[in-house]
Structure formats: C-alpha cells, structure tokens
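In what follows, a single structure is set out as structure tokens and then discussed.
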C-alpha cells in the first residue's frame with residue numbers, strides 16, 4: 001500500500017512541474033547569445049527567424065541594461081534562463097493552446113507579446129508574434145526583453161504604469 005501512495009505522489013509531482021510552454025515549441029530550439037558588455041546571456045529560441053530576432057534582442061538588451069544601471073543605479077541580482085517562443089498570434093491568444101500564463105485576472109483579450117517568469121521557476125519565457133509586420137515584431141521583442149532585464153535586475157516599483165513605461169522607452173529606442 002505504501003508503494004502505491006509513493007508512486008501516485010511521484011506522478012502528481014512530475015505533472016505539477018511540467019512546462020506548459022512545451023506544446024508551443026513546434027520547431028527545434030536554437031541556441032542564441034546576447035552580448036551585454038562583458039557578459040553573454042544565452043537563450044533558447046523556438047522559431048524560424050533567429051537572425052532578425054537576435055539583432056533586436058541585442059539592441060534592446062543594451063538599451064535596457066544601460067538604463068537600469070545608469071538611470072536607476074541597479075545591478076544584476078539574479079540569473080534567469082531565457083526562452084523565446086516565436087509563435088502565431090492565434091497560438092499566443094488561444095487559451096486552450098497557450099496554457100502557460102495565468103490568464104485569470106489579466107483581462108486581456110488579444111496580446112501581441114508576453115513575458116512570464118513565474119510559471120516555470122528560474123526561466124523567463126518571452127512570446128513574440130511571427131505573423132505581424134517586421135516593425136511590430138521588433139517593437140515587441142524590445143518591449144518584452146526589457147521586462148526580462150527588469151526581472152534580472154530586480155527592478156521594483158509600486159506602479160504597473162512605471163514598469164510598462166520603462167519597456168515602452170526601450171521599444172521606442174529601436175524605432
């Protein structure tokens with residue numbers, strides 16, 4: 001009887017730690033790197049446009065880090081693995097397919113990009129659209145990578161508006 005309980009506990013613990021983003025990884029992951037001064041941030045990219053995505057990740061990362069270190073006087077406070085999912089808007093907004101984020105309470109009907117570091121502990125997941133204009137895709141990359149760096153630098157403030165305004169500044173810097 002004790003063995004059955006242990007097996008059930010192991011099954012349920014592995015199910016509860018499953019990565020809900022796995023079903024969105026429809027292409028082979030590719031490793032990429034973001035050069036940030038003296039450091040290199042590695043990431044896994046799931047999509048078909050690595051060269052384009054990498055270009056804007058690098059530009060927006062440098063702008064984010066510069067602003068966090070110089071304007072806010074912050075230092076890197078934690079390491080977070082980074083995964084980037086380059087998926088369709090339909091996949092991103094289909095709540096039956098995209099089960100990663102906790103959509104309850106977000107009151108969002110249609111999103112263009114998303115950053116989540118809560119669902120999979122130790123990993124930041126960025127969702128970017130692969131079926132929009134190149135300019136909107138670049139802006140989305142910049143906006144979401146800004147949130148990633150805010151997380152890595154423990155950017156804290158009391159107002160969601162300020163958190164978003166930082167990301168919008170980074171988005172604006174690539175236009």
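Of note:
- Enclosing the Cα atoms of the range 122-171 in their convex hull gives a volume equal to 75 cubic angstrom per residue.
- Shown is the FRET efficiency for residue 27 and residue 70, computed with R0 = 45 Å from the Cβ-Cβ distance and rounded to the nearest 0.05: 0.75.
- Each peptide among 70-76, 145-151 gets the average number of other Cβ atoms lying within 10 Å of its residues, and from highest to lowest they stand as 145-151, 70-76.
- Stretched out straight at 0.36 nm per residue, the stretch from residue 48 to residue 175 would grow longer than its current Cα-Cα span by 43.4 nm.
- Here the spin labels are modelled as points 7 Å beyond Cα on the Cα-Cβ line, and at residue 109 and residue 88 they lie 2.1 nm apart.
- With all pairs of separate Cα atoms included, the range 20-173 yields a Kirkwood hydrodynamic radius of 15.6 Å.
- Based on the Stokes-Einstein relation at 20 °C and a viscosity of 1.002 mPa s, and on the Kirkwood radius from alpha carbon pairs, the range 26-108 is assigned a translational diffusion coefficient of 143 µm²/s.
- Protection proxy ranking, peptides 80-91, 39-50, average beta carbon neighbours within 10 Å, highest first: 80-91, 39-50
Computed from the coordinates by the stated procedures, all read-outs in this text should not be read as laboratory data. Bear in mind the structure is a predicted one, so any value in this text is a computation, not a measurement. Neighbour counts run over all protein chains shown; Cβ positions are idealised from the backbone, glycine included.
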